[in-house]
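Since the structure comes first, as structure tokens, the remarks are kept for the end.
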Amino acid sequence: MHQEITHMDNSRSYDKVNSAIERFLQSGWSKEVEEAIINSYGQDIASQVKAVYRQAVDCPVDWSKESMDSALLILADFLKAEFPWLSKEARIRLNYCYIMTWK
């Protein structure tokens, strides 16, 4: 089950989540990534980043019909629909995390 993203009703939270993704998500989620985000932005933002990350890497794809290239197009559409406020760089980071998760 996906964790719901809470307290994302203002651009300040969006900016912090984008910044945390851009600064700390390299290829996936780890305890070190989580701790770095908590130390820089606090537990609430870390939880929101983790929820966005989990939803991105769990983007529904039928791997019996899709290739990585087509799955990345599905992910791009998913991120635009679910998180239209994500920055271009944050989407790039999540895209790379998706590749590293499913390669």
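Values quoted throughout were computed directly from the atomic coordinates according to the rules given, and no laboratory measurement underlies them. Values in this document were obtained by computation on a predicted structure and should not be read as measured data. As a convention, Cβ positions derive from the backbone with ideal geometry for all residues, glycine included, and neighbour counts pool all protein chains shown.
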Q: Calculate, for S87 and S64, the FRET efficiency according to 1/(1 + (r/R0)^6) with r their C-beta to C-beta distance and R0 35 Å; round to the nearest 0.05.
A: 0.60
(Q) Out of the chymotrypsin sites (Phe, Trp or Tyr not before Pro) in the range 20-103, which ones are loop residues according to DSSP with at most 15 other C-beta atoms within 10 Å? (A) W63, W85
**Q.** Order of D44, D15 - criterion: other Cβ atoms within 10 Å of each residue's Cβ, fewest first
**A.** D15, D44
Q: Across the range 11-102, how many lysine pairs, 8 or more positions apart or on different chains, have C-alpha atoms separated by under 23 Å? Please give the number.
A: 9
